[in-house]
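Comments concern the structure below.
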């Protein structure tokens, strides 16, 4: 890929020379940048142990192309405006999200300032290198996202549409990029570097969920949709959606329609990028450049200003208060508070754990709407089903992921503190970790699920909710007891072993199923469910006791 | 009186962000000198270096390096100097060979020359076995060695070093000190910024102390010693920068520990 792009670039060498660029330096910079793009971890491709892959970016492009296959099918099955709007929505959303999630690290990166700026590279060459790098990146993304839909369009409507399609794709990409850039700079204008990183982190989490969830849900949704009889109508809100502007403009070219709505679409799709570029350059870019330069000069803003942490000491959710209630020793309390805080603050940890909440929602959706019935009927019949029991046990998915991921960190070296502390039973640290995961991640989501269940299934579900909650705690303890014993954030991120993942997955399903099935079986009896609570507590007490006694010999370091 | 030509000169050099970080710095440095540039955190050392290396283009006053105006001809300056930054900033997704190859290309060195030099220099710093491994797995010291090579590979006339010994093991520290001494013998000028006082004391011909953006001392160790009647640079530094209370602060620290 790198060689192919550089060879293509060589063809443009005279143009670069004409522009006064040092082509040798430009080529070196781009060669390195493309190499690093392929080695960078993306939201789609996360590195595994000893992974020296050179194809991370290529992998992402292939995934995007596969996804675009669904869109191509949509184009083939639906009327022009619907198919094309679907395509441009996909193209623009994916461009924007990828720019924010994966390219933001490059936009915010000041290492060029330290590595390239001290070398004899003139500012024009460096500027052209940056712009060319961004164009190469966008070009590859745009091709992977649009190649299959483009083929479908040309196959269905004829080769005459080639030029309008290419123009529309360029315009769609331009609008997506310019608007994303403007929004991005706007956020930077009003948020500090730390907040920007947090916002990007949430985008990355959403991206991971959308990709995995979309893969499951899209085909099912598309399968239920009546494309052929869908009539595309223009409403007032159509003028707010850029994909519709571009689709409308394309329709004008295809059918030579020149009524008022189509003229407005053409105007919007051509004027918006121009206005956005002007506004960005006028108000946002100068600020961005100043900010990057000051970040470079002073090291980083975070050195200057401490991260704002809300004073929650008086709140009921104060971690130290919760720790006092739920832990038995100082070590356990320390571990609880530490893991609880890290689960809320460590961006990388959040990126690894929080998508499982999304998968949880996707899985719930699949359970609820998996029948052949339409969505409304499936929803109306919900209270007569036992799906409430399934929903109660779905949070276990998060437990499994969180307990595993909370062991890994880039700052694993900081775990020396465990080894130097006068700690006889590391089980206390482990227990603090498990309790933090359960209370920080499971309790809130379980509360939410309980409210939904009470809303749909009624108050009679309250004993199920109680039993389910204790069972969730029980399952958490079982998973923790049987998993590898790692201290919190003590293992290098790249030391993960993927072996045993399938076995672990099956085991979790088993853990979810057994208490769930017993729960279901118990509902068949007339005596109150609540009678099993003492047995549950007894089991949890025994597991906690065993776990707390974990010795150093059992700890994996 | 130094008879060697002046290679670094500043007049009324000042720089302001939200607050002033450099105030009226006047430097005159001759070829072949090793200058120890010291000061507390936030004193303005790195900003001075970034201005002299052409990284920060906006400043007040004048600055020239090797006769070139830093503001007007930064590329000519950059061609002739080497810079080793304070933090280990390199593209660690690359291998040391790939990285050094890239840096060499930016200095327009011949490919064969880059390959040869990079391999030999990596061998000298005991990194030959890692020349093809990605630097993501490197320790701070290993990355620092690569940075040192990247800063010197093109054989610059002036070296700007910002905490160059950071993370290096004892052998590497001795090696770098020896390299700097021999470079000086070859007529190279070295602008050395560090917090490690004994190294600065040993290798510097002249020591410049900066505090809160202002130059507060400039002379040989003997001259500074004579002025302050202190036996070590550490004590001279403490006195010059006005931090006399170390003893009482340490006492307070111990008291807190004991309570």
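The values are calculated or read from the model by the stated rules, or taken from the named source; none is laboratory data. Keep in mind that this is a model prediction, so the values were computed, not measured. A quick note on method: Cβ atoms are made from the backbone with ideal geometry, for glycine too, and the neighbour counts reach across all protein chains shown.
Mind checking which residues of the range A:420-447 are without any contact (Cβ under 8 Å) to a residue 40 or more places away in the chain and more than 23 Å from residue A:479 (Cα to Cα)? Before you say what the answer is, go through the steps one by one.
Narrowing the range A:420-447 to residues without any contact (Cβ under 8 Å) to a residue 40 or more places away in the chain: A:420, A:422, A:424, A:438, A:443-444, A:447.
Within the range A:420-447, A:420, A:422, A:424 meet the criteria.
From the list B:75, B:8, B:25, which residue is in a helix (DSSP H, G or I) and modelled with pLDDT of 90 or more?
Details: B:8 fails: in a helix (DSSP H, G or I); B:25 fails: in a helix (DSSP H, G or I).
Among B:75, B:8, B:25, only B:75 is in a helix (DSSP H, G or I) and modelled with pLDDT of 90 or more.
Does residue B:61 qualify as being in a strand (DSSP E or B), at positive phi and away from chain A (no Cβ under 11 Å)?
Values: in a strand (DSSP E or B): yes; at positive phi: yes; away from chain A (no Cβ under 11 Å): yes.
Considered against the rule, which asks whether it is in a strand (DSSP E or B), at positive phi and away from chain A (no Cβ under 11 Å), residue B:61 comes out as yes.
Could you tell me whether any residue of the range A:451-471 is in contact (Cβ under 8 Å) with a residue 12 or more places away in the chain, under 30 Å from residue A:330 (Cβ atoms) and under 25 Å from the mean Cα position of the chain (by Cα)? Looking for residues that are in contact (Cβ under 8 Å) with a residue 12 or more places away in the chain, under 30 Å from residue A:330 (Cβ atoms) and under 25 Å from the mean Cα position of the chain (by Cα), one finds none in the range A:451-471, hence no.
Applying a threshold of 6 Å to beta carbon distances and a minimum spacing of six or more residues, or different chains, the list of pairs starting in the range A:7-26 at a residue that is more than 21 Å from residue B:101 (Cβ to Cβ) and ending at one that is outside any helix (DSSP H, G or I) and at pLDDT 90 or above is empty.
Answer with yes or no whether residue A:536 is surrounded by 11 or more Cβ atoms within 10 Å (Cβ to Cβ), at pLDDT 85 or above and within 22 Å of residue A:326 (Cβ to Cβ).
Working: surrounded by 11 or more Cβ atoms within 10 Å (Cβ to Cβ): yes; at pLDDT 85 or above: yes; within 22 Å of residue A:326 (Cβ to Cβ): yes.
So residue A:536 fits the description; yes.
The set of residues in the range B:48-58 that are under 20 Å from the mean Cα position of the chain (by Cα) and more than 8 Å from chain A (Cβ to nearest Cβ) comprises B:48, B:49, B:51, B:52, B:57. In the range A:313-332, the residues that are farther than 17 Å from residue A:488 by Cα form Cβ pairs under 7 Å with partners that are modelled with pLDDT under 85 and exposed (fewer than 14 other Cβ atoms within 10 Å of the Cβ), at six or more places apart or across chains, as follows: A:318/A:312.
Using the structure shown, decide if residue B:97 is within 20 Å of the chain's Cα centre (by Cα) and either surrounded by 18 or more Cβ atoms within 10 Å (Cβ to Cβ) or within 17 Å of residue B:50 (Cβ to Cβ) (or both).
Values: within 20 Å of the chain's Cα centre (by Cα): no; either surrounded by 18 or more Cβ atoms within 10 Å (Cβ to Cβ) or within 17 Å of residue B:50 (Cβ to Cβ) (or both): yes.
Answer is no for this residue.
In the set (1) crowded, with 22+ Cβ neighbours inside 10 Å; (2) without any contact (Cβ under 8 Å) to a residue 40 or more places away in the chain, residue B:105 fails one condition alone, (1). Residue by residue through the range A:533-553, note down the ones that are within 20 Å of residue A:479 (Cβ to Cβ), in a helix (DSSP H, G or I) and in contact with a helix residue (DSSP H, G or I) (Cβ under 8 Å, 6 or more places away or on another chain). A:536, A:537, A:539, A:540, A:543, A:544, A:546, A:547, A:548, listed by residue number.
Among helices (runs of 4 or more DSSP H) lying entirely in the range B:81-159, which contain 1 or more residues that are within 26 Å of residue B:67 (Cα to Cα) and within 11 Å of another protein chain (Cβ to nearest Cβ)? So that I can check it myself, show each step before the final result.
Numbers: elements: B:96-106, B:111-124, B:140-152.
Helices (runs of 4 or more DSSP H) meeting the threshold: B:96-106, B:140-152.
Selection within the range A:17-33: residues that are more than 20 Å from residue A:117 (Cβ to Cβ) and in a helix (DSSP H, G or I). The member of this set that is nearest to the other protein chains (Cβ to nearest Cβ) is A:17.
With respect to residue B:40, is the statement that it is without any contact (Cβ under 8 Å) to a residue 40 or more places away in the chain and part of a loop (DSSP other than H, G, I, E, B) true?
Numbers: without any contact (Cβ under 8 Å) to a residue 40 or more places away in the chain: no; part of a loop (DSSP other than H, G, I, E, B): yes.
No.
Number of residues in the range B:134-169 that are surrounded by fewer than 16 Cβ atoms within 10 Å (Cβ to Cβ) and at pLDDT 90 or above equals 1. For residue A:162, indicate whether it is at pLDDT 85 or above, assigned to a helix (DSSP H, G or I) and surrounded by fewer than 21 Cβ atoms within 10 Å (Cβ to Cβ). It is true that residue A:162 is at pLDDT 85 or above, assigned to a helix (DSSP H, G or I) and surrounded by fewer than 21 Cβ atoms within 10 Å (Cβ to Cβ).
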